[in-house]
Amino acid sequence: MASFASWLALNMQITARSWLILRLTEDSLFLLSIMTLAFALPMTFFSPITGVLADRFSRKKLITISQFSNAVVIIILALLDYSGLVQYWHVVLIAFCNGSLMSLNMPSRQAMISDLVPENKLMNAISLSNTSNNLSRAFGPAIAGILIILIDTSGTFLAVSFTFLMSALIISVISYNKTKPDQKSQSFTSDLKAGIRYAFSNVELRPLFILMFVSVMFGFPYFVLIPAWAKEVLGINADGLGYLLTSIGLGATVGTFGLA
């Protein structure tokens, strides 16, 4: 439930944020791409660091902090939007903060799943976690699109903030106490270097990294540009954009059910 709420908030936020950017920049594809880059880069470069943090501190607390902080950041964006003071650089800065907080959230969440689930059930647990992600991709954009029509982007951001808070609350009541690192003698930088060295030297992991790089490089741009394409080419409103993005999430959900 916590994972679903977190991903739901994220996908609602992405839809509302993209729509807001198009409104602020008069449908500029370049500025929309810059905003998305500001969101994606922290997750790429900070994740190795936050992975080490997840080995050294309470994963439960790290996830709770990231979710609560995301809620606060989104409330700020909602207030700026509602007051009419929001500017393009505000959205880019908040996107960067969201990406940074997600980089803290994701390694801790994956590690926490492996701690809570027996090894023989781990594949199923990861698949179900991915299913919750894809279900949120199915429902999140549609909900965001409808909310934008009803209460504008500012009200949608408030709903996103509330959903992040719900995720933080659910995580906080989970019984989970693993807080100590496995390797007490290693320094932070030593663990970071060892992790990076292992990731690039392991012959089994290397093809996965290449596959992920190629899929993100060629697949993510189309997902980023869909809002502008939907608005300019199809001439649809925010609710239509939500339904369009929903179809992507439904397709991905079918695939992960097969793995589970």
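The values are calculated or read from the model by the stated rules, or taken from the named source; none is laboratory data. If you're wondering where the values come from, they're calculated on a predicted model, not measured in any experiment. Please note: Cβ atoms are built from the backbone with ideal geometry, for glycine as well, and neighbour counts cover all protein chains shown.
A compact table of results
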read-out: Out of Leu128, Leu101, sole residue that is surrounded by fewer than 20 Cβ atoms within 10 Å (Cβ to Cβ) and assigned to a helix (DSSP H, G or I); value: Leu128
read-out: Options Ala2, Ala16: the member that is modelled with pLDDT under 85 and buried (at least 19 other Cβ atoms within 10 Å of the Cβ); value: Ala2
read-out: Residue identified as under 24 Å from the mean Cα position of the chain (by Cα) and modelled with pLDDT under 80 among Leu169, Leu192; value: Leu192
read-out: Matching entry among Arg137, Arg109 (being in a helix (DSSP H, G or I), within 26 Å of Ala230 (Cβ to Cβ) and touching a residue at least 24 places away in the same chain (Cβ under 8 Å)); value: Arg137
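A quick yes/no check of all residues on (1) assigned to a helix (DSSP H, G or I); (2) crowded, with 16+ Cβ neighbours inside 10 Å; (3) hydroxyl-bearing (Ser, Thr, Tyr):
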residue: Asn124; (1), (2), (3): yes, no, no
residue: Asp152; (1), (2), (3): yes, yes, no
residue: Thr163; (1), (2), (3): yes, yes, yes
residue: Ser175; (1), (2), (3): no, no, yes
residue: Val203; (1), (2), (3): no, no, no
residue: Leu211; (1), (2), (3): yes, no, no
